[in-house]
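The values are calculated or read from the model by the stated rules, or taken from the named source; none is laboratory data. From a predicted model like this one, the values you see are computed outputs, not experimental measurements. Cβ atoms come from the backbone with ideal geometry, glycine included; neighbour counts cover every protein chain shown.
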Amino acid sequence: MAGADSAAADPKGAPGQGAPRGGSGRRAVGRKAAGRKAVGRNAVGRPSAAWALPGVLFFVCFAVAPMLLVGYLAFTDWDGIGSPQWTGTDNWSRLWHDPDMRQAVWLSLLLTVLTWLVQTPIALLLGVWAAGRQRNRAVLSAIFFLPLLASSVALALVWKQLLDPNFGLIAEIGPALGFEDGDLLGDPQGALGAILFVTAWQFIPLHTLIYQGGARAIPRSLYDAAAIDGAGTVRQFFSITLPQLRNTVVTSSVIMVVGALTFFDTVLILTKGGPGTDTSIVPFLMYKNGFQAFDLGYASAVAALLVVVATAVSLLLVRLTGFSAMRSTREGM
Amino acid sequence: MTDVLHQRPEADRTTGKAAPPSKPRRAGLPRLLKGSGPRRPNYPAGLASLIWLVIVGAPLYVLVATTFRTRDGYIDDGPLALPTHPTLANYDRVLSSHFFSYLGNTLVVTAVCAAIVIVLSVTVGYAVVRARSRMSRRVFQIFLLGLAIPSQAVIIPIYLVITKLQLYDTLLAVILPTAAFSLPVSVLILAGTMRDIDEELYESMALDGAGPTRVLLRLVVPMSRAGISTVGVYSALHAWNGFMFPLILTQSRSNRVLTLGLYDYVGEFRVDTPALLTAVVLSIVPIFVVYLFARRQLINGLMGVGGK
C-alpha cells in the first residue's frame, strides 16, 4: 500500500489549488499556528473521529470495497448469475493476447493524448480571455458555458443526429469542411475524430471555467508591473499568465486525462465502438464483455487494468509536473 | 515543461532589470489607472472567440430550432433551415411518452443523492477538520484515494453488491453508488471550507461549553453554507447526469431515469430526429432554469464535477 499512500497524499494539493486566491501557504501557516496554540488545551467541543463513521462506511461499501472486489473478480470466471469461479490468471493471459484489448488500450491512450492536445490550448486561451471583465466577454462566456448544462448522453444524442450522413448537419456543411460524403462515423479515423470533437465540444467549457477561475486569481499587480516595463499582451501571457496558471494546468490536465480514459457514454451512443472495433476504447470493451457477453470475470480484468492505468497516469502527471512539491505560485512575491 | 514554466519569470525579471525600459510606457499607465483587463480591444482574441461562438452556437441553434419542426420539414429543408411552420407537436409527443415518469425518477434520485451526500460529507468533513485523532487523517486519505477511482471501473463489483443486496432494478440501486462517488469531492470541498473557519470562533463556542453537535449546527453549518450549496449542486448534477449506473443497475421502464430514457428514445423515435432532440431539450430545461436563477452556485457545482 506504499504506492497508495503516496497516491493519497498527492491529490491533496488539488483542493487548495482549486481556490488559488487564498494561497495554500497562508493556510498551512495558519493551521500550524492553530495547532501550536491548541497544544495542551482540552478538547471541549471537538467531535470524535466517530463522526466520520457513517460517511466512511458508506463510501467503503460502495466505492472502496468494489474496487478491491474488482481485483478479486479479475481472477474469476463469472456469468453474472451463479457464483464467481476462481480461475487464476486465465483472464490476464487472455487479456494479454486479446487483439481487441491491445487495440482498445492503444485507442484509449491515443484519444487521451489527442484530447489533451486539442482541449488544453483552446480552454486555456478561452479561459484567460473570459477572465476579462468586459461586458461582451461576460455575455459570450454565458453562451460558451451552455454545453455544460447537458449530460454526456444528451449531447452524444444531439451529435449523433448532427453527424447523420443523410440528414444531419454534416451532410449539409460536410463538403465545405472537406468530408465529401459526410459519413464521418462510418470511417475509422472519422469516427475517432468525431469522438474527439464531440467530447472537446462538451468539456472545453468546463476547463475554460477552471482556467477562468485561475486567471482571475492572478494578482493584478503583476500585470501592472509588466505593463510599466512595457510588456505587451502576448508577452504578458507567456511571462505572467502561463507561469501563474501552472497549478491550474495540472488540475485541468488530470481531470482531462482521467476523463478521456473513461469516455464511455459518448462512445456507446455515438459509435457503439465502431466501425468494427475502431473506436472500442477500454471502458467500452469492458462494457461489451461484461454486460453484453456477460463474461464478467474477464470484464473485471479489463476494469482492473483501467483502474491501474487511470491511477498511474494521474500520478505520473502529478509527479512530472512537480505538483506535489509545489507550495504556491506566489513564491517570491 | 515545468522547468520552462519555472524559469520564465526569473528570466524576464532579470532582463527587465538589465535592459533600460526602451519601449514607451503608453500602454501601461492607463491600464494602471483603469485597474482591470487589457484596455485596448484584442482583435485576434475577439475573432477567435467569434469562431468559437459559431462552433458552440450552430449546434445549439439546430438543437433548439429542430424541436419546432416537423420530421418531413427537417428532412426536406435540412437542419440549418429556419422553422417556417413552427409546431409544438414534438413536445406533445415526447411529453406523452413516459417523459414525466422518467423525470420523476430522476428527481427522486437527484434529491435523495444530494441529501445523502450533504449529510455524510458534512459529518465527515467536520470530523476530518476538527477531530483530534490520527484516525481523521486516515479518513481524509481514504477519500482522497477515492478521487482516483473511475466509477466505470467498479461497475461490475457494484452490480454484484447490488444484486446481493436484492436492490437490482430499484431507484436505490442507482442512488447508493451515485452518492458514494460524489463523496470524495464533496468531502474535499467541505473540509476546505471548514478549515477556513476561524479558530477563535470554535474556542468561544467551547468556552460556552458547547458540545460537538451544537458546534456543528450553530457554527460549522452556518459558516459553511457556501461549501454546502456547492456540494449540493455538485452531487445533484452528478446524479442528474448519471448514465452508467442506471444503465447497468436498472431494467424496467418504471425505474428508468431521464438519461436512460433519452437513450431509449433513440429506439422509439428511430428516424424522428425532431422528437428525439425535443426530448434532449426537455431534459436540459430544468438545469437551464437553475442556471438562470442560481448561476454562481451552479458554476461552483460544475467546477466540483470537474474534480475541484
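The set of residues in region B:123-143 being more than 17 Å from A:V64 (Cβ to Cβ) and more than 7 Å from chain A (Cβ to nearest Cβ) consists of B:G125, B:V129, B:R134. Residue by residue through region B:201-227, note down the ones that are surrounded by fewer than 22 Cβ atoms within 10 Å (Cβ to Cβ) and either among the β-branched types (V, I, T) or not assigned by TED's automatic domain parsing to the domain that holds B:A111 (or both). Result: B:T213, B:V221.
Enumerate the helices (runs of 4 or more DSSP H) found wholly within region A:138-246, keeping only those where 2 or more residues are among the charged types (D, E, K, R). Can you show your working first?
Values: elements: A:152-162, A:169-177, A:188-216, A:220-228, A:233-236.
Counting at least 2 such residues, we get A:220-228.
Conditions first: (1) part of a loop (DSSP other than H, G, I, E, B); (2) more than 9 Å from chain A (Cβ to nearest Cβ). B:G209 passes all but one, so which condition is the exception? Among (1) part of a loop (DSSP other than H, G, I, E, B); (2) more than 9 Å from chain A (Cβ to nearest Cβ), the lone unmet condition for B:G209 is (2). Whenever a residue of region B:88-104 is on the phi > 0 side of the Ramachandran plot, its partners that are surrounded by 15 or more Cβ atoms within 10 Å (Cβ to Cβ) and modelled with pLDDT of 90 or more, lying with C-beta atoms within less than 8 angstrom and at least six residues away or across chains, give the pairs B:H98/B:R256; B:H98/B:G261.
To keep it simple, each residue is scored yes or no on (1) touching a helix residue (DSSP H, G or I) at 6+ places or on another chain (Cβ under 7 Å); (2) modelled with pLDDT of 80 or more; (3) within 19 Å of A:A150 (Cα to Cα).
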position	(1), (2), (3)
B:L32	yes, no, no
B:P41	no, no, no
B:L103	yes, yes, yes
B:L107	no, yes, yes
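Number of residues in region B:144-161 that are more than 17 Å from A:A312 (Cα to Cα), in contact (Cβ under 8 Å) with a residue 24 or more places away in the chain and either within 7 Å of chain A (Cβ to nearest Cβ) or in contact with a Lys or Arg (Cβ under 8 Å, 6 or more places away or on another chain) (or both): the value is 1.
Considering only residues that are out of contact with any Leu (no Cβ under 8 Å at 6 or more places or on another chain) and at the interface with chain B (Cβ under 9 Å from one of its Cβ atoms), which ones fall in region A:226-240? Lay out the reasoning, then the answer.
Start the filter on region A:226-240 by keeping residues that are out of contact with any Leu (no Cβ under 8 Å at 6 or more places or on another chain), which leaves A:226, A:229-239.
Correct list: A:A226, A:D229, A:G230, A:A231, A:G232, A:T233, A:R235, A:Q236, A:F238, A:S239.
How many residues does region A:101-136 hold that are away from chain B (no Cβ under 13 Å) and β-branched (V, I, T)? Total meeting the criteria: 3. When you look at B:H85, is it free of Cβ contacts under 8 Å to residues at least 60 places away in the same chain and either away from chain A (no Cβ under 12 Å) or part of a helix (DSSP H, G or I) (or both), yes or no? Considered against the rule, which asks whether it is free of Cβ contacts under 8 Å to residues at least 60 places away in the same chain and either away from chain A (no Cβ under 12 Å) or part of a helix (DSSP H, G or I) (or both), B:H85 comes out as yes. Surrounded by fewer than 23 Cβ atoms within 10 Å (Cβ to Cβ), farther than 29 Å from B:V233 by Cβ and more than 11 Å from chain A (Cβ to nearest Cβ): does that describe B:G73? Here the answer is yes, as B:G73 does meet what is asked.
Given region A:45-120, what helices (runs of 4 or more DSSP H) lie entirely inside it while holding 1 or more residues that are at pLDDT 90 or above and closer than 20 Å to A:F284 by Cβ?
Details: elements: A:53-59, A:65-73, A:90-97.
Helices (runs of 4 or more DSSP H) meeting the threshold: A:65-73, A:90-97.
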